[in-house]
Amino acid sequence: MAPAAELPAVQEFPNAFPQLIGVSLVAPATNGKTDPVGEAAPIIAQLGARMVRLEARSGMSWAPILEQKFTHLVLVFRPLDDWSQPLTAEKRREVYNAYYALAKDLLTRRETPGRYIFIGNKCTDDFFTKNNPEGEVTPAMLSALVEWTNLREEAIEAARAEVPQSRCRLFTYIELNSVWAAYKADEPRVVNLGLTKIKTDFVAYTAQEIQDKSAEEIGATLDYLNKQLVPRSDLPVRRVIISECGQAWAACGSNAAQHGQKNRAILAKFLTWQPSMIFYNESYYAEAKRQTGAKFRLTELKDAPDSLYKSLSDLYSQQEAFAVKAKQRDGALPSAASIAKFSGNYLTAPAIK
């Protein structure tokens with residue numbers, strides 16, 4: 001068998017290698033560092049992850065990120081309060097220019113061809129419910145959100161149109177974090193009030209609220225969420241990204257074996273539905289410095305033989321070998337469905353450590 005290193009450093013179109021499980025670097029604790037995301041990126045790349053979710057800022061240095069072998073970048077960009085009230089003409093220009101500049105920069109960079117890049121925001125429902133005493137999405141907030149997301153889409157589409165030959169694939173998403181209440185009780189949330197009005201390529205879901213439910217309940221919830229998207233013939237049928245999932249260290253008895261076991265089970269359940277991507281929360285998570293026991297502990301436990309770090313590292317290595325063998329046999333890299341099945345079987349195997 002040829003070594004896994006023979007896989008391309010970045011995606012080859014149309015036969016992209018779908019790793020499916022990635023790691024989130026959003027809101028990392030700074031520890032006094034001026035570029036905490038850049039500091040953490042090589043650590044996650046060393047783990048073997050090709051998919052990463054991270055916080056993007058205007059004027060940030062992309063070199064520490066783009067020099068890694070990441071093939072899927074899910075970017076959280078712009079503050080949540082952009083749509084806290086109706087957009088003024090000045091705010092519209094600011095939002096449009098910020099997204100246009102980011103998209104144009106990424107589309108024309110020498111290091112981005114062959115990569116999939118997703119531009120979106122974080123925790124839409126959280127912002128609404130925390131700023132409304134009733135804990136619900138109001139029509140005024142929703143109207144501002146729809147205007148904001150459509151303006152974002154317009155700016156990114158303008159950048160795409162100016163660089164039609166770019167081999168960097170650029171997509172948009174909106175992130176939701178309260179879907180279960182809408183699905184089970186029809187409570188007012190973005191998913192059931194406004195998702196059909198929003199222009200977006202994908203929808204991301206911080207899915208901790210359903211991760212402990214059965215695979216059947218998870219699948220039904222994701223079916224419900226996916227059906228709220230406006231159908232697109234140019235995109236996959238399932239356009240849901242699990243942007244956050246995973247049990248924290250304290251929730252697993254502060255035990256490496258339990259932490260690994262519980263989180264492998266969570267990832268395996270989401271894989272049965274085959275989302276576009278699944279992201280585990282990383283140990284640089286900001287709350288780790290503010291709340292006792294809130295750490296998600298991935299890289300810190302890399303030396304524990306039964307840790308989640310070791311499980312993911314082994315999985316990534318096995319995926320790469322599986323992909324190389326499939327390409328040698330079939331002339332093409334394996335499909336997302338075959339990688340999902342392979343990965344789910346691997347994560348649930350009794351011998352996994």
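The values are calculated or read from the model by the stated rules, or taken from the named source; none is laboratory data. Quick caveat, the model's predicted, so the values are computed rather than measured. Reconstructed Cβ throughout: ideal geometry from the backbone, glycine too, with neighbour counts over all protein chains shown.
One table, with the values for the structure above:
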quantity: Test: residue in the range 153-164 that is crowded, with 22+ Cβ neighbours inside 10 Å, within 29 Å of residue 344 (Cβ to Cβ) and either touching a strand residue (DSSP E or B) at 6+ places or on another chain (Cβ under 8 Å) or of a type outside the set (D, E, K, R) (or both); calculated: no
quantity: Top-ranked residue in the range 316-341 [being among the small types (Gly, Ala, Ser) and farther than 18 Å from residue 267 by Cβ; ranked as farthest from the chain's Cα centre (by Cα)]; calculated: 331
quantity: Residue pairs meeting the criteria (Cβ under 8 Å; at least 6 apart or on separate chains; first on the phi > 0 side of the Ramachandran plot, in the range 291-306; second of a type outside the set (Lys, Arg) and modelled with pLDDT under 70); calculated: 297/283
quantity: Single residue of the range 190-219 satisfying the filter (touching an Asp or Glu at 6+ places or on another chain (Cβ under 7 Å) and more than 21 Å from residue 26 (Cβ to Cβ)) that is surrounded by the fewest Cβ atoms within 10 Å (Cβ to Cβ); calculated: 199
quantity: Condition met for residue 180 (closer than 24 Å to residue 211 by Cβ and touching an Asp or Glu at 6+ places or on another chain (Cβ under 7 Å)); calculated: yes
quantity: Candidates 333, 312 - the one that is at negative phi, surrounded by 14 or more Cβ atoms within 10 Å (Cβ to Cβ), touching a Gly at 6+ places or on another chain (Cβ under 9 Å) and in contact (Cβ under 8 Å) with a residue 12 or more places away in the chain; calculated: 312
quantity: The range 135-191 - residue that is over 23 Å from the mean Cα position of the chain (by Cα) and β-branched (Val, Ile, Thr) and, of those, modelled with the lowest pLDDT; calculated: 137
quantity: Unmet requirement for residue 28, which otherwise passes all of (1) surrounded by 20 or more Cβ atoms within 10 Å (Cβ to Cβ); (2) at pLDDT 75 or above; calculated: (2)
quantity: Extreme residue, surrounded by the fewest Cβ atoms within 10 Å (Cβ to Cβ), among residues of the range 220-254 that are of a type in the set (Ser, Thr, Tyr) and touching a helix residue (DSSP H, G or I) at 6+ places or on another chain (Cβ under 6 Å); calculated: 224
quantity: Filter result for residue 177 (buried (at least 18 other Cβ atoms within 10 Å of the Cβ) and not hydroxyl-bearing (Ser, Thr, Tyr)); calculated: yes
